[in-house]
Amino acid sequence: MSVSTINLTRLGIQGTLNNLNFSTFTKLQVLDTSYNKFSGTIPSQFGNLSSVFSLYLDNNFLSGFIPQEIGKLTTLNLLYLDQNSLFGPIPSTIGDLTNLTTLSLRENNLWGSIPSFVGNLVNLQVLSLDSNSLSGSIPATIGNLKHLMFLELRWNKLNGSIPIEMSNLTNLNSLQIGGNELTGHLPQHICFGRSFEYLYAPQKKFNGPIPRTLKNCSSLIRLTLYDNQLVGNISSDFGVYPHLKYIDLSGNKFYDHISTLLGKCRNLTTLKISNNNLSGSITPEVVEATNLGELNVSSNHLTGEIPRELGKLISLTRLSLSHNQFSGKIPIEIGFLNQLEKLDLTANNLIGQIPKEFEGLRTLWLLNLSKNKFEGTIPFEIGQLQALQELDLSENMLSGKIPATLGALKMLEILNLSHNNLSGTMSSVFDDMSSLTSVDISYNHLEGSLPNIPGFQSITFEAVRNNTNLCGNVTGLEHCNKHSNDPQGRMNKKEKLLVALLLVCFVTLMLAVGGISYILIQKSKRTKGHNGEDLTLNIFSMGCFGREMLHQKVVEVTEGFNDKYLIGVGAQGSVYKAELLDGQFFAVKKLHHNCNTNFSNNDKAFFSEIQALTEIKHRNVVKLLGFFSNSHLSFLVYEFLEGGSLDKILKNDIQASKLDWNKRVIVVRGVVDALFHMHCGLSCPIIHRDISSKNILLDSEYQEAHIIDYGISKFLKIDSNNMTSFAGSYGYVTPEIAFTMQANEKCDVYSFGVLTLEILMGRHPGEFIYSLTEIQTSYDLSLKDVLDKRLPRPTNQVVKEVMLIVKIALACLSENLQCRPTMEQVSLKLSRPKPYSVNQFDNITLGQLMEA
């Protein structure tokens, strides 16, 4: 046959390759069966493909030995057998493939040594053997591969020293040799050709100096040398690297001051030099590396004050200065790093009070200030750090009571307040902290009964010892009913307080019900012919309009709701842009009037929206500023958001391109925060029931998402079936609602999953959602092929965010209601360290994300 190319990639094909009649494809040049589910062995008949120069069998389930007949393919240029389950030694006949430029056998189960005949492949540019079980030494003949650009040998069982002949590889771009048992020195001429970019050699046995040519290697992008015994002067052995993004020298024997030249590495995102012998201070010049996302210089001998200039590193997510000799106060500028996720200042000589400015660290999940000399009280602002999972303030000189605001840390798992001077009773601050798994409050002056929550139920005596008067069901403590401080009296006070709170809640509820009832009664009277006053609740935040003026002003500035002010039309009403104050615009939603009934569905929506938005106070929920209603007209006044609706932005190519990956992640996080608050942060949970792109508004910078349209929202009643009619937007409604007619939080979770895919795909996922259950069509679909093509490939840290968000969205779309996460679980996953690496993005599939 005259077929020259067979391309079967990413078709989800199962079965074996044995059924192909290779003898008929005498002119075949390209065979690509990659990213399928082929199993079984590689047929020996492959040797008959005498004209083939590109063979892609990677990313399947192939097993068995690589056939010797592969050596007959003397015209072969590219050979990809990686990411299968092949085993056995590398066949000697591969040494006959002298035209090979790429040989990729990585991520199999190959054993034996790297054969010396690999030196015959003199045209080789890519040799990838990593993630196998290869042993022995690296053959000296590898030095023959003078065109080699990429050498990947990591994660094998190789031993011995690196052959000196590797210095001949002057065209190397990437050397990956970590995860072996190699010893001795690194190759000294690694960057002789001035095109070297990647070195990955984390070991425990490399010693001596770093390669001499690295100092002037201006092409360097990533340098990973942690956990070795390398020695050198860090201020003189390294140079300026304009393209460097990542450097990890941790766990070596580098000494002297941190080089000011590192600040000139303007693309640097990660700098790790922990556990070395560095001295001196952190120079302000480091902040010139403005893209820095992680700075870890822990476990050295650094001195001086923490430079306030670190507050300029606005991209910083992790800062670890622990186990040094830093002194002075924490600069308040650290509190301005609003992207910070981890702050570790353990074991220094820091003094003063914990800055209240830490309240700005809203993404922080770890805060460790232990083993310093902090004094004063624990600032109540710590309770603002809603993402916090680990808090360690132990071994300081803190005093006063534990602030009640710590009870707001719903995600906190580890808490250590030991070895301080804290006092007061163990109040109800801990009562709602059900996420706590580890607590240590020992060596303080605390008293009272231990909280009855899981974190304290399994606590040991060592974690509560040496306090003033604690009691509880812990061996070594007195039982509370025998305690001398009259616990019964304290219980009476708690009961009185509880009763008082219940009375306040009851009165507030009655007033709210009465107010709504009054509105309905007056409305009913007017529709029956009573000439009462127009009803307006003046909650307009500027306080500039009275009961009559709001109606008059809105009608005036919209010229009687003229269409030229119209900016949107929905099922319940039309939205107008109105300038109610000089230079300040607001959105006015005029509900559609229904003349046929006294109390239409739109009336219900009107009062549902008022009730929901006066209950919900959240930055990602649109603000209701006022409303008006009489027998002829009902409208609501909101804050105006210049960015417009998300659905229109995604449909406009220019606007969609401005909504880059970072902003899309921010939008998703905003929706998560709002739904989490609605479902978990209110006394009575509220579900929206119409989460969709048309009900998400953005600000002018596309940085903040706001949920709108609460007309069909529902307050969930405890111990009730919460039955409902079908409601929501087509394409977003959870499938089970049609037959269960039961409203719950998982309805919003499903809609959120659809919305999230729409944000990342740039369009509504449509039938794609239903194809997720079809293995053939979607299981092996690459993530990068699904994302919005109008944006460039996501880079840096946002790559990990995108992968995690897609994984969460797919879980939210589970057909099984019980398998969908809650919004609390979604929020928790987003706040934790991302489980993916940047390098996974190009190969990860939706199936892998669904399995995860």
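Bin by bin, in steps of 5 Å, what percent of the Cα pairs in the range 142-277 do you find, going until the bin that has the longest distance?
Distribution as computed: 2, 11, 21, 25, 22, 12, 5, 1, 0 percent.
If the viscosity is 0.890 mPa s and the temperature 25 °C, what Stokes-Einstein diffusion coefficient in µm²/s follows for the chain when Rh is the Kirkwood radius over Cα pairs?
Working: Rh = 31.8 Å.
Approximately 77 µm²/s, per Stokes-Einstein.
Strictly greater than 13 Å: what percent of every Cα pair in the range 133-173 meets that? Mind dumping the intermediate values first?
Values: 448 of 820 pairs.
That tail contains 55 percent of the Cα-Cα pairs.
Could you pull out the GluC sites (Glu not before Pro) across the range 619-711 that fall in loop regions by DSSP (anything but H, G, I, E, B) with no more than 13 other Cβ atoms inside 10 Å? Present the calculation step by step, with values, prior to reporting the outcome.
Numbers: sites: Glu639, Glu642, Glu701, Glu704; in loops: Glu642, Glu701, Glu704.
When the GluC sites (Glu not before Pro) of the range 619-711 are filtered for loop state and at most 13 Cβ neighbours within 10 Å, Glu642, Glu701 remain.
Please arrange Asp432, Asp96, Asp690 by counting, for each residue, the other beta carbons lying within 10 Å of its beta carbon, fewest first. All intermediate terms of the calculation are to be shown ahead of the outcome.
Numbers: Asp432 13, Asp96 18, Asp690 24.
Exposure proxy ranking, most exposed first: Asp432, Asp96, Asp690.
Three principal axis extents, largest first, for the C-alpha atoms of the range 272-387, in Å?
Extents along the principal axes: 37, 31, 20 Å.
Using Cα atoms only, what is the angle between the long axis of helix 661-680 and the major principal axis of the chain, expressed in degrees (0 to 90) to the nearest 10?
Rounded to the nearest ten degrees, it is 40.
5 Å is the cut-off here: which amide hydrogens, built 1.01 Å from N in the peptide plane, fall below it relative to Leu230, excluding neighbours closer than 5 in sequence?
Lys253
Would you mind checking which residues have amide H under 5 Å from Ile66's amide H? H placed 1.01 Å from N; only 5 or more apart, or other chain.
The list, which skips near neighbours in sequence, is Phe87.
For the chain, take the longest principal axis of its alpha carbons; what is the angle in degrees between that and the long axis of helix 601-615, to the nearest 10 within 0 to 90?
For 601-615 against the chain, the angle is about 80 degrees.
If you consider only alpha-carbon coordinates, what radius of gyration and Dmax does the range 60-113 have, in Å?
Cα only, the range 60-113: 10.7, 27 Å (Rg, Dmax).
Within 10 Å of each residue's Cβ, count the other Cβ atoms and sort Phe606, Phe640 from fewest upward.
Numbers: Phe606 23, Phe640 19.
The order, fewest Cβ neighbours first, is Phe640, Phe606.
Rounded to the nearest 500, what is the 222 nm mean residue ellipticity of the chain from helices alone, with -39500 (n - 2.57) per DSSP H run of 4+ residues and division by all residues?
-5500 deg cm²/dmol, from helical runs alone.
For the range 37-136, state the semi-axes of the equivalent ellipsoid (square roots of 5 times the eigenvalues of the alpha-carbon gyration tensor), sorted largest first and rounded to whole angstrom.
Values: eigenvalues 65, 57, 28 Å².
Largest first, the range 37-136 gives 18, 17, 12 Å.
Do the alpha carbons of any pairs in Lys146/Lys245; Lys577/Lys648; Lys577/Lys694; Lys553/Lys589; Lys245/Lys800 sit beyond 20 Å of each other, and which pairs? Working shown, then result.
Numbers: Lys146/Lys245 27 Å; Lys577/Lys648 17 Å; Lys577/Lys694 17 Å; Lys553/Lys589 14 Å; Lys245/Lys800 16 Å.
Result: Lys146/Lys245 exceed 20 Å.
Kindly give the semi-axes, whole Å and largest first, of the ellipsoid equivalent to the range 644-851, taking each as the square root of 5 times a Cα gyration tensor eigenvalue. Each step should come with its number before you reach the end.
Numbers: eigenvalues 143, 76, 53 Å².
After diagonalising the Cα gyration tensor, the semi-axes are 27, 20, 16 Å.
Need one word for the range 1-49: rounded, prolate or oblate. Basis is the Cα gyration tensor (sqrt eigenvalues a ≥ b ≥ c); a/c below 1.5 gives rounded, then a/b vs b/c decides. Provide the component values of the computation, followed by the final result.
On the way: a/c = 2.41, a/b = 1.34, b/c = 1.80.
Oblate shape, in that a/c is at least 1.5 and b/c is the bigger or equal ratio.
Would you tally the net charge around Val802, using a Cβ to Cβ cut-off of less than 11 Å, leaving Val802 out, and scoring K and R as +1, D and E as -1? The partial results should precede the final answer.
Details: positive: Arg664, Lys784, Arg793, Lys800, Lys807, Lys834; negative: Asp788, Glu801.
Combined, the nearby Lys, Arg, Asp and Glu give +4.
Treating the angle as unsigned and between 0 and 90°, give the value, to the nearest 10°, between the Cα long axis of helix 797-812 and the longest Cα principal axis of the chain.
Relative to the chain, helix 797-812 is tipped by roughly 60 degrees.
Could you estimate the translational diffusion coefficient of the range 90-211 from the Stokes-Einstein equation, with Rh from the Kirkwood formula over C-alpha pairs, at 4 °C and 1.567 mPa s, in whole µm²/s?
91
Taking the Cα centre of the range 612-686 as origin, work out the dipole magnitude from +1 charges on Lys and Arg Cβ and -1 charges on Asp and Glu Cβ, in debye rounded to 20. Working shown, then result.
Values: 9 positive and 7 negative charges, 29 e Å.
Roughly 140 debye for the range 612-686.
Highest mean first, what order results for 467-480, 659-672, 34-47 on Cβ atoms within 10 Å? Don't skip to the end; give the middle numbers.
Values: 467-480: 15.9, 659-672: 20.7, 34-47: 17.6.
Most protected by this proxy first, the peptides run 659-672, 34-47, 467-480.
Applying the Karplus parametrisation 6.51 cos²θ - 1.76 cosθ + 1.60 with θ = phi - 60° to the phi angles of the range 462-476, what ³J(HN,Hα) value in whole Hz is obtained for each residue in order, glycine and proline being reported as x?
Values, residue by residue: 4, 8, 10, 5, 6, 10, 6, 7, 7, 9, x, 7, 10, 4, x Hz.
What is the sum of charges, Lys and Arg at +1 and Asp and Glu at -1, for the other residues whose Cβ falls under 13 Å from the Cβ of Lys312?
Around Lys312, the surrounding residues sum to -3.
Report the Cα centroid-to-centroid distance between the range 285-321 and the range 119-154 in angstrom, as an integer.
Computed from Cα coordinates, the inter-centre distance equals 38 Å.
In the range 644-851, with Lys and Arg counted as +1 and Asp and Glu as -1 at Cβ, which of these residues, Met678, Ile666, Phe752, has the Cα nearest the positive end of the dipole, that is, farthest along it?
Of Met678, Ile666, Phe752, it is Ile666.
Readers should treat all values here as calculations from the given coordinates under stated rules, not as data from a laboratory. Computed from a predicted model, the values in this text were never measured in an experiment. Don't worry about glycine lacking a Cβ; one is built from the backbone with ideal geometry, like all the others, and counts go over all protein chains shown.
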